[in-house]
Structure formats: C-alpha cells, structure tokens
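Scroll down for the structure; my scribbles are underneath it.
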Amino acid sequence: MWARAGARPVLMVLLTVSTVAACEGSRSVVAVPAAPSLSGTACGYDGACISSPDRPMICDRGFCVPRRCLAGTQGCACYGNNTCDLLNGTPMSCIGNLCAPTVAAEAGALNGPCSPTELCGGVDGGVLACTRGRCELSDCPSGALGCPCGTYGACAPAGARQPACFEGRCQFAGCIAGSESCRCDTGDRCSDGLRCVRGVCFRAPGHALVVEGDVRSCQVLLAGGASEHATPLWSEGVRGQSIGRDGLLALSFMNRVDVRFSASPVRVVGEPAASAPTIQSYECFDALGRRVADARVRWEP
C-alpha cells in the first residue's frame with residue numbers, strides 16, 4: 001500500500017499570556033482603530049490591504065494595520081519589537097501586529113501556570129508538559145517558529161528574521177505561502193525540498209535523492225549505518241513506500257502524474273545524519289513500466 005506524503009494538521013490554539021515589560025516607541029498620528037475584520041490580517045503579496053475612506057489601512061511588517069492610529073494602543077499596530085502598552089496594569093498582546101487585550105490562561109492550560117497540584121492537560125491532540133513553570137506543548141515550545149505564541153504573543157527570532165504571532169502560532173508574514181520559513185500553502189503544501197511542520201515550511205532534514213532521466217518510477221536499495229530505521233519524506237506529487245530490514249532500506253516510488261521527476265522525489269531522514277546511506281542498487285522505469293537504462297539515482301550535493 002502506498003504511503004501518502006503529507007503533514008500533520010496545523011495546531012490552532014487559543015493565545016494566552018503572562019509577564020514581559022512593554023517598551024517605549026515612536027507613535028503615529030492619533031485616529032480611531034480600524035474595524036477588526038479589516039485589520040490584523042496578512043497583507044496581499046503586493047502589500048495590498050482592504051481599506052475604506054473612513055478607515056485607511058496600510059501594510060506594516062506583513063500585516064494590515066490602521067494608517068492613523070497610536071502605536072502600542074488597543075486596536076493599533078504594535079511597536080517594532082512586537083510589544084504593546086499596558087491596559088489596566090497588564091501588557092497587551094501583539095497578535096497579527098495589532099495590540100489586543102491579554103486573556104489570562106487557566107492553570108494547566110496552554111501557557112497557563114503549572115504546579116504539583118495543577119497538572120498540565122492537552123490541546124488539539126498535543127501533550128502539554130510543565131516547562132519553566134508554565135504548560136507548553138512537549139514537542140513545540142511556545143514562542144518557537146511554527147509553535148504556539150508565547151507570553152503576550154511573543155515569538156523568538158529565527159535567524160535574522162522576526163516571526164509574529166498570527167493565527168495562534170509564530171510565523172512569518174509578508175512572504176509567499178509554501179516558501180521556506182513561511183506558512184504552508186493550502187493543503188499543507190510546501191515547495192520542493194520543504195516540509196510542512198506545524199503550519200510552517202521548513203527545509204527538510206536528512207539527505208535528498210535525485211533522479212536523472214526520463215523516468216516515472218524507481219526502486220532503490222540503500223545500505224549502511226542505520227538505514228533500516230531511516231524515514232523517507234516523499235515530495236509533493238510523489239507516492240512511495242519503504243521497507244527497512246537487516247541494515248537495508250528499500251524504496252519504491254512513482255510520480256502521481258505522467259511527467260518525469262522535476263526535483264528530489266524523496267528525502268531520507270535517519271542516523272547517522274552526517275553521511276548519506278550507500279545507494280546499493282536502483283532501477284527506474286518509464287510510463288509503460290519499461291526499464292530506463294540510462295537513468296541515474298544519486299544523492300543531492
């Protein structure tokens with residue numbers, strides 16, 4: 001039976017918050033905040049935002065925000081470091097580059113306090129664990145790229161870029177869905193070589209196989225290291241299956257449509273990560289199931 005490529009559904013979580021100091025920043029001209037239905041959403045690829053004469057909108061750091069609105073105040077854009085002013089003595093949360101009232105998390109809930117008497121529960125099939133005194137997903141720490149947002153909508157920097165809290169998780173805005181470090185496209189799809197993990201497209205780990213030649217399907221036998229325990233990650237549009245045994249990993253895969261492989265059809269993830277398994281043998285076939293003698297299977301450099 002073919003193994004189907006895909007990814008887990010995106011975790012949609014209720015944001016909650018706790019302690020961080022608000023920061024000072026420059027302010028824009030005062031005006032009435034825009035309607036919630038028009039603000040806090042990702043800008044179009046050309047930076048376009050839905051606007052009206054009485055509620056002008058602009059694209060700011062990938063999100064649509066009111067054009068004339070006091071930065072850091074409720075319903076207006078966040079400061080440049082994704083923080084907001086206090087509201088009734090509590091910092092507001094930066095959600096989609098908009099300042100919103102903070103909702104306190106209940107004990108044991110996501111981002112809520114944990115203690116020996118308050119056990120952490122679960123959320124959308126994920127397991128919560130007590131981390132630094134708060135309940136977080138055991139395999140996806142709050143504030144990390146692709147994970148639930150942290151306190152006050154906080155997100156940790158990812159390299160030289162700063163994610164923002166949007167739709168309950170930390171992700172980049174203002175970039176094309178399906179591209180690296182951006183949100184996954186419709187159907188949890190990503191560009192070739194990327195994998196949809198927690199709603200964000202990451203560069204897949206492991207080693208990529210490249211197939212050269214006018215072929216539609218291949219059978220590949222890998223050997224060495226812990227090949228039998230490795231996991232194949234099939235690219236979009238590829239169906240495949242694998243069997244690991246006695247230090248060997250057998251792969252069988254084909255294109256879903258009658259075209260040659262345009263990119264790496266599969267990545268092999270496993271130990272040892274530093275070196276790719278040995279390609280012991282392979283055979284590739286055309287659309288009629290005939291062996292293609294000049295086909296070549298190799299590891300991507």
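Over region 108-189, what is the relative contact order in whole percent, taking alpha-carbon pairs under 8 Å and six or more residues apart? Walk me through the numbers before you get to the answer.
Details: 142 pairs, mean separation 13.6, N = 82.
In percent, rounded to a whole number, it is 17.
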Separation between the Gln219 and Asp258 pseudo-spin-labels, each 7 Å from Cα along Cα→Cβ, expressed in nm?
2.3 nm
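How many Å³ per residue does the convex hull of the Cα positions in region 72-123 occupy?
Working: hull volume 4.9 nm³, N = 52.
Measuring per residue, one finds 94 Å³ for the Cα hull of region 72-123.
Can you figure out the FRET efficiency of Gln241 with Asp46, using R₀ = 51 Å and their beta-carbon distance, to the nearest 0.05?
On the way: r = 42 Å, r/R0 = 0.83.
Efficiency at R0 = 51 Å is approximately 0.75.
Would you mind getting the Kirkwood hydrodynamic radius of region 207-299 from its Cα pairs, rounded to one decimal in Å?
13.1 Å
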Positive-pole candidate from Ala42, Thr73, Asn111, dipole of region 35-145, charges at beta carbon:
Thr73
Relative contact order (percent, whole number), region 207-299, Cα cutoff 8 Å, 6+ residue spacing:
45 percent
For Gly112, the net charge from surrounding residues (Cβ-Cβ under 11 Å; K, R +1; D, E -1) works out to -2
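Placing +1 at every Lys and Arg Cβ and -1 at every Asp and Glu Cβ, with all other atoms neutral, what dipole size does region 207-299 have around its Cα centre, in debye to the nearest 20?
Working: 10 positive and 10 negative charges, 29 e Å.
Using Cβ point charges on Lys, Arg, Asp and Glu, region 207-299 gives about 140 debye.
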Taking Cα atoms only, Rg over Rh for region 36-171 with Rh from the Kirkwood formula is 1.03
Among Gln280, Ile243, Val215, which residue has its Cα furthest toward the positive end of the charge dipole of region 207-299, with +1 on Lys/Arg Cβ and -1 on Asp/Glu Cβ?
Val215
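None of the figures in this text is laboratory data; all of them are computed from the coordinates on show. If you're wondering where the values come from, they're calculated on a predicted model, not measured in any experiment. Quick reminder, even Gly has a Cβ in these numbers, built from the backbone with ideal geometry, and neighbours come from all protein chains shown.
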